[in-house]
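One structure below.
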Amino acid sequence: MRAVLLTAVSLAAAISGQTPVAPTTEAVGIPRGENVSGYNVRQSFELGERWHSVGGDEGMYRSTVNYGNGPRLLSSSLSVNSLEGHGGLFDQIQINTLGLGNDPYESASLRLEKNRLYRYDLGWRSDAYYNPGLTIAGGEHFMDTVRHVQDHDFTLFPQGSFKLFLGYSSNTQTGPALTTIQQFNATGDEFPLFANIRRSQREYRLGGEIRLMGFRLNVLHGWVDFKDDTPVSLTSPSAGNNPADLTALTSLQRSEPYHGTSPYWRVALFRESKLWAANGRFTYVAGHRAFVDDETAFGFSRVGAPTGQQVITLGNAERPALAGNLTFSLFPSAKLTLTNQTSIDHIRMVGNSFYTQATNGIPITPFNAFTFLGIRTIANSTDADLRLTKWFAVRAGYQYSTRRIRSMESTALANGLIEQENGLNTGLLGLRIHPVKALSILLDTEIGRADKPIYPVSQRNYETYRGRIEYKQKSFRLAGYSRTDYNTNSASLANFASHSRQYGIDSSWIPKNWFSIDASYNKLHLDTLGAINYFTQIAGVGPVQPVTTDQSLYISNIHTGNLAARFSIRQRVDVSVGYSHVQDVGDGRSVILFARGTTLSNPVTFALASAQSFPLSYLSPQGRISVRINEKLRWNAGYQHYGYHEDFSGLQGISQNYRAHTGYSSVLWSF
Amino acid sequence: MRYSWGMLVGGLRGGLGLLSFAFIAAVFFLASPAGLLAADYVGSNVCRTCHPNVYSTFFRNPHYKSIASGREKPENTGCESCHGPGQDHVAAGGGKATIPVAFSQLAPEKVVDACLRCHSQTVSRANIRRSEHTQRDVVCTNCHSIHSSPAPKFLLARQQTDLCYGCHSSVRAQFSMPFKHRVNEGFIQCTDCHNPHGAFSATWNMAARPRMVDQAVGNEEPCLKCHVDKRGPFVFEHAAVRVDGCETCHSPHGSTNARLLKRPVVFTLCLECHNGFANFGRRLDGPPSPSPTHNLADPRYQNCTTCHVRIHGSNSNSFFFR
């Protein structure tokens with residue numbers, strides 16, 4: 001048993017060797033537990049201290065890693081199991097925690113169960129999210145929020161023919177952020193604003209399940225309440241992002257409560273027998289939101305005139321959504337499985353938004369904006385899986401989807417409902433070959449043809465080819481794969497085309513209980529070419545002119561590698577080392593296409609060129625040691641380095657390079 | 001011999017009775033695994049004699065409930081509920097060949113059949129027969145370890161991320177990117193967004209094959225389970241989000257770009273759709289391209305979302321200004 005457990009632990013450690021310096025998710029000791037009053041009790045606590053030091057852009061470090069300093073309960077677990085399965089109030093308690101005590105990613109889970117009577121599951125998670133978003137909003141959409149998520153699920157009679165479910169979930173997001181607003185008209189300036197994010201969603205669930213005459217009926221009713229009460233304000237008078245523009249803002253207050261509920265029903269019916277299986281699922285969600293936006297701003301217009309503006313918007317938005325699935329499976333012989341699924345999805349978005357605005361006390365004519373978007377999709381797919389021999393199987397499938405989109409964007413278009421339909425035909429073919437037991441080969445392809453896709457980047461004529469080969473023999477595994485996704489969405493190639501190719505190889509070897517190694521390499525290639533239209537001032541002089549012949553070409557070639565090794569010394573010391581490397585070489589060039597300051601006749605070309613190929617590297621070596629002090633106590637320490645480097649001078653002149661050293665030391669007590 | 005109606009009716013009754021009996025017998029025969037008799041079952045305590053290593057920790061196993069209950073039929077109790085009746089195995093003194101259901105010897109589809117004997121007919125496993133995993137011979141025992149699971153829940157053979165990365169090394173590569181969902185850090189798991197047992201057809205993107213993407217309870221993209229503020233409904237929806245889904249702009253696993261965007265800067269992402277090409281968009285006249293007031297050479301117009309703040313949807317402004 002010990003050998004089995006050690007092998008499992010070794011395997012887990014080997015594969016998880018690339019996880020960041022974080023609590024040891026795998027048990028570094030093997031707690032046997034103690035038997036107390038008919039229960040077996042096992043516990044472990046990993047208490048430790050984290051440290052880090054960052055050079056370069058700390059904001060980028062916090063966006064991508066975010067581990068800080070200080071003591072933590074890095075992980076803990078408690079399991080209590082009744083030895084005979086006949087405990088008093090419970091038969092099982094299982095508690096696991098991770099990163100408690102100010103880690104950016106914290107979680108806890110609890111399962112409490114009494115056989116045949118009840119089961120209770122709790123999940124709690126907290127995520128500290130920090131992102132200045134420098135390259136996409138110049139830092140003006142900075143966020144430093146914390147999200148708490150919790151789920152409670154209670155099941156009565158979990159093993160019975162009749163079950164009852166009760167559930168509650170909560171999701172809150174709070175914290176400071178920045179946002180922007182453009183004032184006072186469409187040609188005005190942009191101003192950063194402070195937003196105190198306060199969002200919460202609460203979900204209540206009630207349901208039941210009954211098993212009768214071979215059928216199982218599952219019914220769930222839920223209510224989702226959502227609130228967003230994020231006040232927005234200007235912290236100090238601002239001249240805006242563009243000082244040449246005279247627009248200025250001296251004060252702004254916005255109150256924007258947005259509340260609503262989404263009651264839903266889900267009904268599911270199942271039946272499975274030797275020759276056939278069937279299931280159906282139907283859901284209906286009635287989303288409703290009511291909102292008010294009350295905004296008052298004072299400042300100066302773009303001609304420098306004092307301006308006061310109040311905007312009031314109120315109304316409601318509705319989104320009823322209905323979906324159904326019906327699946328039949330037939331097993332006419334042991335070698336053949338046929339499955340057919342029909343799905344229908346109908347979603348409608350309808351809203352009314354009463355908008356009024358007063359500028360310097362002069363109101364505009366209030367208007368009631370109306371919009372409607374309706375999407376109805378019907379799809380039917382059939383799959384056949386035929387196992388011809390023990391070593392060869394083939395599968396084939398066909399799917400047809402039809403989608404109708406109806407759209408109306410204002411009351412002025414009340415009679416102008418625009419309707420469009422498009423269809424998608426896809427076919428797939430796959431082969432499974434096992435020439436010998438240790439070797440498996442998977443090949444499959446999917447080809448899709450759509451007419452009238454809604455967007456240029458949507459899938460139209462697409463082809464996917466995938467292949468995978470794996471050799472697995474006892475403690476050694478070697479696998480390779482290749483995947484190609486092509487999509488062309490245009491009458492001419494100038495519109496939009498994307499090519500994605502992925503290749504990879506990975507291997508693991510666990511020759512001994514005390515040694516394991518695994519490694520992987522992947523190459524992810526993507527190139528897209530899309531036709532774009534825009535206006536610009538050619539050569540920086542003269543009027544703004546349309547440019548209708550330009551293209552957005554994006555090329556990314558990302559090489560990633562992972563290496564992890566673990567070994568133990570006399571079952572006393574466990575050492576694991578790992579290395580992760582991400583290298584985007586862009587289109588292969590070693591110098592930027594146009595140096596900063598280069599004068600081009602079309603200045604947009606420079607901005608496009610700097611974004612269409614953006615080489616960077618992100619590497620992370622790490623090491624971890626765990627020393628067994630005695631049967632119940634281990635000492636652990638870990639170190640991980642992070643290095644982020646943009647090869648060119650950074651997007652929009654912003655460099656976010658950083659290097660960070662992080663580590664921890666902990667004591668794990670398990671018994 | 002004279003034939004009468006009575007004889008005919010009697011004969012028919014007899015025939016029907018015989019048929020009925022045969023049918024009922026057949027049903028009972030087929031209903032019991034492999035037509036085996038209860039006497040073939042020896043009980044888990046007998047297994048314990050030779051397999052103490054398995055049995056000694058079996059009280060922690062969810063399958064132990066079948067033993068603890070004491071009410072289940074022999075074919076649904078303990079070791080033999082999965083491995084079949086053990087009488088021959090015991091009589092032979094062991095050996096894999098005599099175990100009626102030895103999972104290491106089973107063809108993949110038989111493994112699925114064996115487990116679904118009890119674990120079918122749930123919402124989460126409704127699509128297991130058509131799932132990409134099943135169709136590629138990735139079956140229950142590839143991910144679940146019934147006897148020696150190191151994971152606290154679901155008898156997983158390894159920690160969940162390690163299991164998934166074991167085959168999906170390209171996904172592992174994506175989660176190694178600078179910007180990514182915090183899977184490696186343990187904050188979220190693959191199953192927060194995916195159902196490894198198969199998923200229903202997507203309610204976005206032409207109901208494309210589901211790629212095991214699980215749906216939020218309202219049949220929406222799983223992204224909205226956490227990103228609740230993006231859910232709406234909004235009076236002014238950014239139609240791309242609803243019609244084709246979040247992946248229109250974002251790479252959900254990981255990206256080298258901030259906010260998991262598909263492009264390093266925003267304006268290229270926006271312009272690739274908003275190019276005014278006819279036949280596309282809500283109005284079929286092309287997603288509108290920028291107006292002449294947008295001189296794209298000016299950096300202020302290269303960060304589209306600085307003005308179009310509510311890009312996921314707005315209640316006040318059809319241009320997503322507020």
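Read the figures in this text as sums done on the coordinates, not as results from a lab. Note that the structure is predicted; figures quoted are calculated from it, not measured. Neighbour counts run over all protein chains shown; Cβ positions are idealised from the backbone, glycine included.
Could you state the number of Å between the C-alpha centres of the range A:533-570 and the range A:64-127?
The range A:64-127 and the range A:533-570 have Cα centres separated by 42 Å.
Please state, as a whole number in µm²/s, the translational diffusion coefficient that the Stokes-Einstein equation yields for the range A:366-488 at 4 °C and 1.567 mPa s, with Rh defined as the Kirkwood radius across alpha carbon pairs.
Rounded, D is 72 µm²/s.
Excluding same-chain residues fewer than 8 positions from A:Lys452, which aspartates and glutamates have a Cα within less than 14 Å of its Cα?
Output for A:Lys452: A:Glu419, A:Glu421, B:Asp244, B:Asp285.
Report, in listed order, any pair from B:Lys153/B:Lys230; A:Lys474/A:Lys512; A:Lys114/B:Lys153; A:Lys274/B:Lys73; A:Lys474/B:Lys153 with a Cα-Cα distance greater than 23 Å.
B:Lys153/B:Lys230; A:Lys474/B:Lys153
Over the range B:232-314, with a single point scatterer placed on each C-alpha, what log10 of the ratio I(q)/I(0) does the Debye formula yield at q = 0.14 1/Å?
The calculated log intensity ratios at q = 0.14 Å⁻¹ are -0.52.
Give the average over all directions of the projected area of the C-alpha convex hull of the range B:170-322, one decimal, in nm².
Seen from a random direction, the Cα hull of the range B:170-322 projects 10.3 nm² on average.
Work out, in µm²/s and without decimals, the Stokes-Einstein translational diffusion coefficient of the range A:213-311 at 25 °C, 0.890 mPa s, Rh from Kirkwood over C-alpha pairs.
Approximately 134 µm²/s, per Stokes-Einstein.
I need the phi-derived Karplus couplings for the range A:139-156: 6.51 cos²θ - 1.76 cosθ + 1.60, θ = phi - 60°, integer Hz, Gly and Pro marked x.
Residue by residue, the range A:139-156 yields x, 7, 10, 4, 9, 9, 10, 10, 10, 10, 10, 9, 10, 10, 9, 10, 10, 9 Hz.
Of A:Tyr130, A:Tyr618, how do they rank once you tally other Cβ atoms within 10 Å and put the fewest first?
Taking fewest neighbouring Cβ atoms as first place, the list is A:Tyr130, A:Tyr618.
Can you put A:Val36, B:Val101 in order of Cβ neighbours within 10 angstrom, beginning with the fewest?
A:Val36, B:Val101
Relative to the Cα centre, what is the charge dipole magnitude of the range A:366-488, using +1 at the beta carbon of each Lys and Arg, -1 at the beta carbon of each Asp and Glu, and rounding to the nearest 20 debye?
Charge dipole, the range A:366-488, about its Cα centre: 760 debye, nearest 20.
State the volume of the convex hull built on the alpha-carbon positions of the range A:361-423, expressed per residue in Å³ and rounded to an integer.
So the per-residue hull volume is 111 Å³.
With no solvent and one point per C-alpha, what does the Debye sum give as log10 I(q)/I(0) for the range A:525-671 at q = 0.17, 0.19, 0.21 Å⁻¹?
-1.00, -1.13, -1.24
Give me, ordered by chain and number, the residues 5 or more places off A:Tyr118 or on other chains with an amide H under 5 Å from its own placed amide H.
Those lying under 5 Å, H to H, from A:Tyr118 are A:Phe157.
Determine the calculated [θ] at 222 nm for chain B from helices alone, applying -39500 (n - 2.57) to every DSSP H run no shorter than 4 residues and normalising by the residue count; nearest 500 deg cm²/dmol.
-8500 deg cm²/dmol
Give a residue-ordered list of calculated ³J(HN,Hα) values for the range A:45-57 (Karplus: 6.51 cos²θ - 1.76 cosθ + 1.60, θ = phi - 60°; whole Hz; x for Gly, Pro).
Couplings: 9, 10, 9, x, 10, 9, 9, 7, 9, 10, x, x, 7 Hz.
What trypsin sites (Lys or Arg not before Pro) does the range A:397-498 have in DSSP loop regions with at most 10 other beta carbons within 10 Å?
Counting only loop positions with at most 10 other Cβ atoms within 10 Å, the trypsin sites (Lys or Arg not before Pro) in the range A:397-498 are A:Lys437, A:Lys474.
Treat every Asp and Glu Cβ in the range B:261-322 as -1 and every Lys and Arg Cβ as +1, leave all other atoms uncharged, and give the resulting dipole magnitude about the Cα centre to the nearest 20 debye.
200 debye
In the range A:318-453, with Lys and Arg counted as +1 and Asp and Glu as -1 at Cβ, which of these residues, A:Asn425, A:Leu373, A:Ala323, has the Cα nearest the positive end of the dipole, that is, farthest along it?
It is A:Asn425, whose Cα lies furthest towards the positive end.
When only C-alpha pairs under 8 Å and at least 6 residues apart count, what is the relative contact order of chain B, in percent?
Normalised by residue count, the contact order of chain B is 10 percent.
Charges on Cβ only, +1 for Lys and Arg, -1 for Asp and Glu, centred on the Cα centroid of the protein assembly as shown; of B:Phe321, B:Asn279, A:Tyr462, which one is farthest towards the dipole's positive end?
A:Tyr462
Could you run the Karplus curve 6.51 cos²θ - 1.76 cosθ + 1.60 with θ = phi - 60° over the range B:92-104 and give me ³J(HN,Hα) per residue in whole Hz, x for Gly and Pro?
Going residue by residue, I get 7, x, x, x, 5, 5, 9, 7, x, 10, 9, 4, 5 Hz, with x marking Gly and Pro.
Taking amide H atoms as placed 1.01 Å from N in the peptide plane, list the residues 5 or more away in sequence, or in a different chain, whose amide H sits under 5 Å from that of B:Val183.
B:Ile188
Calculated from DSSP H runs of 4 or more alone, at -39500 (n - 2.57) each and per residue, what is the 222 nm mean residue ellipticity of chain A, nearest 500?
Taking each H run of at least 4 residues, the total per residue is -1500 deg cm²/dmol.
According to the Cα gyration tensor, what semi-axes, each the square root of 5 times an eigenvalue, does the equivalent ellipsoid of chain B have, listed from largest to smallest in whole Å?
One finds semi-axes of 57, 30, 15 Å for chain B.
So what's the gap between the Cα centers of the range A:147-206 and the range B:56-89, to the nearest angstrom?
With the range A:147-206 and the range B:56-89 each reduced to a Cα centre, they are spaced 43 Å.
What does the charge count around A:Thr307 come to, taking other residues whose C-beta lies under 14 Å from its C-beta (Lys +1, Arg +1, Asp -1, Glu -1)?
It works out to a net charge of -2.
Can you classify the range B:41-105 as rounded, prolate or oblate using the Cα gyration tensor, where a ≥ b ≥ c are the square roots of its eigenvalues, rounded means a/c under 1.5, and otherwise it's prolate if a/b beats b/c and oblate if not?
The shape class here is prolate.
Report the per residue volume, in Å³, of the convex hull enclosing the C-alpha atoms of the protein assembly as shown.
It is 197 Å³ per residue.
Picking from B:Ile128, A:Phe142, A:Ser262, whose Cα lies most toward the positive end of the charge dipole for the protein assembly as shown (charges on Cβ: Lys, Arg +1; Asp, Glu -1)?
Result: B:Ile128.
Where the centre of each part is set by its Cα atoms, how far does the range A:321-371 sit from the range B:160-186, in angstrom?
31 Å
Quick check on the exposure proxy: order B:His294, A:His645 from fewest to most C-beta atoms within 10 angstrom.
A:His645, B:His294
Please give the charge dipole size of chain B, origin at the Cα centre, charges +1 on K and R Cβ atoms and -1 on D and E Cβ atoms. Round to the nearest 20 debye.
320 debye
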